[in-house]
1. How do the pairs read when you match residues in the range 152-176 that are surrounded by 17 or more Cβ atoms within 10 Å (Cβ to Cβ) with residues anywhere that are of a type in the set (D, E, K, R), using Cβ under 6 Å and keeping only pairs 6 or more apart or on different chains?
2. Taking the range 280-304 only, how many residues are more than 14 Å from Phe163 (Cα to Cα) and surrounded by fewer than 19 Cβ atoms within 10 Å (Cβ to Cβ)?
3. Hey, among Leu99, Leu192, which residue is touching a helix residue (DSSP H, G or I) at 6+ places or on another chain (Cβ under 7 Å), assigned by TED's automatic domain parsing to the domain that holds Thr217 and modelled with pLDDT of 95 or more?
4. Might you check whether a residue that is surrounded by 15 or more Cβ atoms within 10 Å (Cβ to Cβ), in the same structural domain as Ala231 (by TED's automatic domain parsing), modelled with pLDDT of 95 or more and polar (S, T, N, Q) occurs anywhere in the range 143-151?
5. Residue by residue through the range 55-88, note down the ones that are within 26 Å of Glu25 (Cβ to Cβ), aromatic (Phe, Trp, Tyr) and in contact (Cβ under 8 Å) with a residue 40 or more places away in the chain.
6. As an exercise: evaluate Arg148 against (1) touching a Cys at 6+ places or on another chain (Cβ under 7 Å); (2) over 30 Å from Glu272 (Cα atoms); (3) among the basic types (Lys, Arg) and give the number of the one condition it does not meet.
7. I want to confirm something. Restricting to the range 182-196 and keeping residues that are buried (at least 18 other Cβ atoms within 10 Å of the Cβ) and not polar (S, T, N, Q), which single residue is farthest from Thr150 (Cα to Cα)?
8. Would you point out which residue out of Leu286, Leu329 is outside the structural domain of Gln154 (by TED's automatic domain parsing) and either among the basic types (Lys, Arg) or under 30 Å from Arg201 (Cα atoms) (or both)?
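The values are calculated or read from the model by the stated rules, or taken from the named source; none is laboratory data. This one's a predicted model, so the numbers in the text were calculated from it and none came from an experiment. FYI the Cβ positions are ideal-geometry reconstructions off the backbone, even for glycines, and counts take in every protein chain you see.
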Amino acid sequence: MTDFVNVDSHPYDTLTPDRVIDCVESVGLLSDARIFPLNSYENRVYQVGIDDGQPLIAKFYRPGRWSDEQIIEEHAFALELAAAEIPVVAPLEYNGSTLHEAHGFRFALFPRRGGHQLELDNFEHLEQVGTMLGRIHAVGAARPFKYRRTLSLQTFARDSRDFILNGNFLPRENIDAYATVTEHLIERIAPLFERDWTTLRLHGDCHSGNFLWRDDTPWFVDLDDCIQGPAIQDIWMLISGNRAEQTAYLDAVVEGYETFYAFDPQQLQLIEPLRCLRQMHHAAWLARRWQDPAFPRAFPWFNTPRYWAEHILALREQQAMLNEPPLTLGAV
C-alpha cells in the first residue's frame with residue numbers, strides 16, 4: 001500500500017507557537033505568550049493566555065475544508081443558539097467579525113469553558129441533553145442552512161466508498177470484500193434516504209466528546225460539523241448497548257426532547273442506516289487526512305491489514321443489523 005504521509009507538505013507545519021500568538025494579536029489583543037495545544041485532529045486548537053484577561057481558545061480551521069460562507073454560517077448558528085440562552089460555546093466577535101485571517105490561516109476565538117465529560121449511562125444527564133437538543137432543534141427548524149452541507153447518502157457513503165477504492169488504501173486481498181459489502185449496504189439503505197424527511201439545522205456530531213458537563217448543564221462545545229439533516233442524526237449517537245439499554249436511553253433523551261420540540265418516531269428507522277454512513281465516512285475521513293502528520297501519530301492502527309479486515313467485518317455486522325426491526329419508544 002502507498003504511504004501517504006508527507007511531513008514536509010502539510011500547511012499546519014507553518015502554524016508555529018509564535019505564529020499562533022501573532023494571529024491572536026492581529027485582532028487587537030495582547031497575549032501573555034502562554035500557549036497550550038488542545039486535543040483536536042480536524043482543526044488546530046490552542047488555549048492562548050491574554051494579558052490582563054482570561055485565556056481564550058483559538059481555533060484554526062483546516063485549510064480548504066470549509067468556505068468562508070460555511071464557517072460564518074456555523075458561527076451565526078452558534079450565536080443564534082446562544083441568544084436563545086442555549087448553553088453553547090459561541091465564537092467571540094472582534095472588529096465586527098467572528099472569522100479572522102492572518103498568515104494564511106482562518107481562525108476564530110472562543111471563551112474558555114471548563115467541565116467534565118457527559119455520562120451517557122446517566123439517565124438524568126441524557127434527559128437534560130434531550131431537553132437541550134429539543135431547544136436547539138426548535139431554533140434550527142426556523143430556517144435552513146444556505147451554505148452548510150446536507151446529510152446525504154452521496155456525500156457520506158458513495159463518496160467515501162469511491163475514495164477508499166480509488167486511493168490504494170486497501171490490501172489487495174480485501175478489495176473485493178470491501179467493494180461488495182459497501183455496495184450492498186448502499187443499495188439496501190438507499191430507498192430510505194430517497195424519502196422526503198423533514199430536515200433542520202443540526203449540531204451534526206452529537207457524541208459525548210462534544211459536550212462538557214458544567215454547573216449541572218450540558219454545554220455544546222463544537223459546531224464544526226453542523227449540518228442540514230433529519231433530527232435523529234443528533235440523537236442516535238447518544239444511545240448504545242443492547243436493545244433494552246438502547247430503548248431506555250432513547251426514552252430518556254426523547255422525554256427531555258419533547259419538552260421543546262416534537263419527536264418524529266418514523267425517523268427511528270434511520271438509526272442503523274445512519275450508523276452505516278458514519279462507519280464508512282469515518283474510514284474515509286482517516287484516509288483523507290492521512291497526509292496530516294497528526295493522524296498517523298494519533299491513529300497508528302489505521303491503514304493496516306488488520307484495520308481493514310476488522311472494518312469489513314464491522315460493515316458486515318452492520319449489514320445484519322439492518323435486518324433487525326427499528327427501535328421503538330418504550331416508556332415514553
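1. The qualifying pairs do not exist here.
2. Taking the range 280-304 and keeping what is more than 14 Å from Phe163 (Cα to Cα), we get 291-302, 304.
Filter again for surrounded by fewer than 19 Cβ atoms within 10 Å (Cβ to Cβ), leaving 291, 293-294, 296-302, 304.
Final tally of qualifying residues: 11.
3. Details: Leu99 fails: assigned by TED's automatic domain parsing to the domain that holds Thr217.
The conditions single out Leu192.
4. No; the residues of the range 143-151 include none that is surrounded by 15 or more Cβ atoms within 10 Å (Cβ to Cβ), in the same structural domain as Ala231 (by TED's automatic domain parsing), modelled with pLDDT of 95 or more and polar (S, T, N, Q).
5. Across the range 55-88, the qualifying residues are Phe60, Tyr61.
6. (2) is the only condition that Arg148 fails.
7. From the range 182-196, those buried (at least 18 other Cβ atoms within 10 Å of the Cβ) are 182, 185-186, 189, 193; that's our starting set.
Restricting the remaining residues to those that are not polar (S, T, N, Q) gives 185-186, 189, 193.
Numbers: Leu185: 20, Ile186: 18, Ile189: 17, Phe193: 12 Å.
Going through the qualifying residues, I end up with Leu185.
8. Only one candidate qualifies: Leu329.
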